[in-house]
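**Q** First the structure, then my questions, so here it is.
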Amino acid sequence: MKTSDLGFVEISPDLCKGCGLCLEVCVPRVLELAGGLNRFGYRPAVYLGQGCNGCGLCFYACPEPGAIQVFKQDRRRAA
Ligand code: SF4
Ligand code: SF4
């Protein structure tokens, strides 16, 4: 695990409206919009898979309840 991977996010594709607000606030730029559409015709946000610092800004920026969840890595397991 890289030292920058202090957290990770899970995005529920069908709850995301593809507004892009989470992408705007993410300092390490580890979110992007998917190439495909969800079942409602939106391009959902996706996590690139590494580099999240667990800051939670994307969670607070998101207007769609439940669309994005942020988790802190257990740093005791990082060694
Ligand atoms: S928790 Fe912070 S670093 Fe991680 S994806 Fe969200 S905004 Fe980016
Ligand atoms: S996860 Fe939330 S803030 Fe990010 S694109 Fe989807 S609806 Fe917008």
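Values in this text are rule-based calculations from the coordinates and carry no lab data. Quantities reported herein were computed from a predicted structural model and do not represent experimental measurements. Please note: Cβ atoms are built from the backbone with ideal geometry, for glycine as well, and neighbour counts cover all protein chains shown.
**Q** For the chain, list the cysteines whose Cβ sits under 4.7 Å from no other cysteine Cβ?
**A** Those would be 16, 19, 26, 52, 55, 62, since no other cysteine Cβ in the chain comes under 4.7 Å of theirs.
**Q** How many nm is it between the label spots at residue 29 and residue 57, if each spot is 7 Å from the Cα in line with the beta carbon?
**A** A separation of 1.3 nm, rounded to one decimal place.
**Q** Give the Kirkwood hydrodynamic radius (Å, one decimal) of segment 27-79, defined as one over the mean of 1/r across all pairs of different Cα atoms. Each step should come with its number before you reach the end.
**A** Details: mean 1/r = 0.0786 Å⁻¹.
12.7 Å is the Kirkwood radius here.
**Q** Here is a follow-up. At what distance in nm do the modelled label points of residue 15 and residue 40 sit from each other, each positioned 7 Å from its Cα along Cα→Cβ?
**A** Label at residue 15, label at residue 40, 1.1 nm between them.
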